[in-house]
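These notes concern the structure reproduced below.
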Amino acid sequence: MKTLTIDIGTGTQDILLYDSDEKLKNCIKLILPSPTRIIASKIQKATELSKDIFLSGYTMGGGPSTFAAREHLKAGNRILSLEKPALTFKDDLKKVEEMGIEIVKEKEVADYTDLVEIELRDVMLKELKSFFGSINVDLPNKIFVAVQDHGFSPKMSNRKFRFKVFEKIVEKGDIFSFFYPGNEVPDYFNRMTSVVESINDFGRENGFEFDVYVIDTVFAALIGAMIDAKEFPAFIVNFGNSHTIGAVVNKNGEIYSMFEHHTSILRKRGQEWISSFLNRFLNGEVSNEDVFDDGGHGAYVRTVVKPKDFISIGPNAELSPYRIANLYDTMIAGNLGMVKAYGELRDG
C-alpha cells in the first residue's frame with residue numbers, strides 16, 4: 001500500500017509518503033512549515049507592501065494567519081474574502097466582518113483593482129505534486145490528512161462543542177472511529193470537510209481520483225503512540241503545541257476515559273500539578289466541569305481502569321511524568337497513527 005500522509009499542526013506539516021513495500025526509514029519524509037504559517041507570511045508580505053488582499057479557497061486552520069490578518073487590518077489595509085475562506089477566522093461570518101474583513105462574492109472582486117489574491121487551503125497538493133514530480137515520484141491515490149477541527153459551533157463555545165462530539169463518538173465506537181473516509185465526515189467538522197473538498201477539487205481539475213481519509217491531529221498522535229505500548233490498557237498523553245489530550249485505551253481501540261486541556265495552561269501549572277492532575281484523572285476524580293472551568297475542553301470517564309503502561313508523546317512531552325514513546329521519529333507519530341487506523345478499519 002502506498003499513501004500520502006499529512007499531519008498538519010500549527011507549526012509544521014509533517015509529510016510521510018508511506019510505502020508498505022519499503023522499510024520505513026527509506027520512505028520519503030518532509031517536515032515543512034504549516035500551511036497557516038505560510039499563509040501568514042504571504043499576508044505579512046502584502047502588509048509590508050501596503051497591498052489590499054482578496055482571500056479565495058477553502059476554510060482552513062487559523063492561528064498565525066488570523067494574527068497576520070488582524071495586523072494587516074490594523075495597518076489600514078483591506079481584506080476581502082469569499083465566505084468559505086472567511087470561516088477560517090470565525091464560525092460566525094458576522095464576527096468575521098466585525099474583525100474588519102469584507103465578505104464578497106466572486107463576481108464582485110472584478111470591481112476592485114490591485115488586489116493580492118491569497119488562496120487558503122490546508123493541503124498543498126499543487127506544491128507537493130510539483131515537488132514529487134521533480135524527483136520522478138507519483139502521488140498515490142490514497143491520501144490521509146490530520147487536522148485539528150473544533151467543529152462548526154457559531155452558537156456554542158467551541159471548547160464545549162468539540163468535547164461533546166468526542167464524548168458521543170467514544171460512547172458509540174473506539175479510537176479508530178475518529179478516522180473518517182472522505183464521504184463520511186460529519187458536516188459539523190467544517191475544516192475536515194474543506195480538506196476533502198479541496199483534495200477532490202484538485203483531483204477533478206487534474207484528472208485524478210483520490211481515496212481520502214481525515215482525522216483530528218490529537219487522535220492521530222494517540223493512535224501512533226499505541227504502536228509503542230508494551231501492555232494494555234495504556235494511558236497515553238499527547239502534549240501538543242496547543243492541546244494536551246490523554247486517553248486510557250485498550251488494544252482494540254476502546255476508550256475508557258479521556259480528557260483534553262490546553263498545553264499553555266498546563267505549562268503554567270507546573271510539572272508537580274500536572275502529575276497530580278493525571279493521577280486524579282486516572283482515579284476518576286476529575287470531572288468535565290473541572291477541566292472546562294480551568295480553561296480546557298473537558299473530561300469523560302466511562303470506566304475507571306488501572307493502566308498497565310504509561311506513555312507520553314508530542315513536542316511538549318517533557319511536561320509529562322511518563323516515558324516518551326520510543327518511536328522511529330516522533331515527528332511522524334501522527335502519520336503512523338493514520339496508517340495504523342486505516343489498517344484497523346480495513347481489517348475490522
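All of the numbers you see were taken from the coordinates with simple rules; none came from a lab. From a predicted model like this one, the values you see are computed outputs, not experimental measurements. Heads up, the Cβs are rebuilt from the backbone with ideal geometry, glycines too, and the neighbour counts pull from every protein chain shown.
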All lysines inside 23 Å of LYS2 as judged from Cα atoms, apart from same-chain residues fewer than 8 positions distant: LYS23, LYS25, LYS29, LYS126, LYS129, LYS142, LYS340
Gyration tensor verdict on segment 36-120 (Cα atoms; rounded if a/c is under 1.5, prolate if a/b is larger than b/c, oblate otherwise): rounded
Size descriptor, Kirkwood hydrodynamic radius, that averages inverse alpha-carbon separations across segment 230-325, Å: 13.1
Extension reserve of the LEU93-THR303 stretch, reckoned as 0.36 nm per residue once the Cα distance is removed: 71.6 nm
Principal-axis tilt of helix 64-74 within the chain, Cα atoms, nearest 10 degrees: 40
Pair ALA75, LYS160: separation of 7 Å Cα→Cβ label points (nm): 3.8
Hull volume in cubic angstrom per residue (convex hull over the Cα atoms of the chain): 146
Over the chain, relative contact order from alpha-carbon pairs under 8 Å, at least 6 apart, %: 16
Amide H contacts under 5 Å for GLY151, placed H, 5+ residues apart: ASN190, ARG191
Cα-only radius of gyration and Dmax that characterise segment 293-337, units Å: 13.5, 37
Using alpha-carbon coordinates, inclination of helix 158-172 to the longest axis of the chain, degrees: 50
Estimated distance in nm for a label pair at GLU48 and ASN141, the labels positioned 7 Å out from Cα along Cα-to-Cβ: 4.4
